[in-house]
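The values are calculated or read from the model by the stated rules, or taken from the named source; none is laboratory data. Just so it is clear, the model here is predicted, and its values are computed rather than measured. Here the Cβ positions follow ideal geometry from the backbone for every residue, glycine too, while neighbour counts run over all protein chains shown.
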Amino acid sequence: MQTLTVRLRAFTLDAIGASTATAAHPNEPTTTSPPNEGSATQPVPALVPAADPVEVDAWRVSMLTELEALKAAACAAQARLAAQLASSQRAHQRAAGVPAKHCGRGVAAQVALARGESPHHGGKLLGAAEALLTEMPHTLTALAHGSLNEWRAMLLIRESACLTRTDRALLDEQISGDHTSLRGVGDRRLVARARTFAQRLDAAALVRRARRAETERTVTLRPAPDLMTYLTAL
């Protein structure tokens, strides 16, 4: 895993270096020397085809697809690890005599730190991870196969949050049971599918969520650079 990360990073930084050199000397031809065998800077396989520009572009498109699938699989792995970490930490805290209502404290902060996010967003990621692992296994499978990205998995979690555990499992199976059907589905279509099926399962739950959202409406002002301000209405 570390080798793959190093190679991807080197592949990108090498491109940045080449672009910088081209910008500094636009009239000079650019040359790229092949990396040494076993070098940490060697791009991930396969190496860029050397001859035909059409083949090179085809390789680039293929690599974009593969890397997107890799990102989704990594997000699925992160979700499983986060949920397992939470379970393990709660068990250790219970064994140490920590009151039940305090068990699990600090886990979201650990997840946030590991993923370079704010503590608030870390809590959201942890909640999503536990929902995927315990209540929405089909959506987790779709994420692991690259049929969904992390954002779209979060959309399904959000749209099913108002349902009971049983109804949420039904929605998960209906929407993500055949994960291949999710490929190419955009955010709006995915949310529409989820809301339509959720309404069939429990229309009253959606009404309650809408009423609760109405009570949580708020308008806020925050300072912005250059003597400006952010006006937010939610």
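Given the options Leu126, Leu133, Leu156, Leu182, name the one that is in contact (Cβ under 8 Å) with a residue 40 or more places away in the chain, buried (at least 17 other Cβ atoms within 10 Å of the Cβ) and under 14 Å from the mean Cα position of the chain (by Cα).
Just one listed residue meets the conditions, Leu126.
Answer yes if at least one residue in the stretch 186-200 is more than 24 Å from the chain's Cα centre (by Cα) and among the hydrophobic types (A, V, I, L, M, F, W, C), and no otherwise.
No, that holds for no residue.
Just checking, which of Thr12, Thr32, Thr65 is over 19 Å from Leu143 (Cα atoms), modelled with pLDDT of 60 or more and of a type in the set (Ser, Thr, Tyr)?
Values: Thr32 fails: modelled with pLDDT of 60 or more; Thr65 fails: over 19 Å from Leu143 (Cα atoms).
Answer to the check: Thr12.
Just to be sure I understand, how many residues within the stretch 185-215 are out of contact with any helix residue (DSSP H, G or I) (no Cβ under 9 Å at 6 or more places or on another chain) and either hydroxyl-bearing (Ser, Thr, Tyr) or touching a residue at least 40 places away in the same chain (Cβ under 8 Å) (or both)?
Selection size over the stretch 185-215: 4.
Among the residues of the stretch 159-179, count how many are crowded, with 16+ Cβ neighbours inside 10 Å, closer than 13 Å to Glu135 by Cα and either under 18 Å from the mean Cα position of the chain (by Cα) or acidic (Asp, Glu) (or both).
So the count comes out to 4.
With respect to Met136, is the statement that it is aliphatic (A, V, I, L, M), over 18 Å from Lys71 (Cβ atoms) and touching a helix residue (DSSP H, G or I) at 6+ places or on another chain (Cβ under 8 Å) true?
Considered against the rule, which asks whether it is aliphatic (A, V, I, L, M), over 18 Å from Lys71 (Cβ atoms) and touching a helix residue (DSSP H, G or I) at 6+ places or on another chain (Cβ under 8 Å), Met136 comes out as yes.
From the list Ala76, Ala72, Ala46, which one is in contact with a His (Cβ under 8 Å, 6 or more places away or on another chain) and either at pLDDT below 95 or part of a helix (DSSP H, G or I) (or both)?
Going through Ala76, Ala72, Ala46 in turn, just one is in contact with a His (Cβ under 8 Å, 6 or more places away or on another chain) and either at pLDDT below 95 or part of a helix (DSSP H, G or I) (or both): Ala72.
Please work out which residue is nearest to the chain's Cα centre (by Cα), limiting yourself to the stretch 95-114 and to residues that are loosely packed, with under 14 Cβ neighbours inside 10 Å and either closer than 27 Å to Ser176 by Cα or of a type in the set (D, E, K, R) (or both).
Arg105
Could you list, in sequence order, all residues of the stretch 180-212 that are assigned to a helix (DSSP H, G or I), farther than 19 Å from Asp167 by Cβ and among the aliphatic types (A, V, I, L, M)?
Leu182
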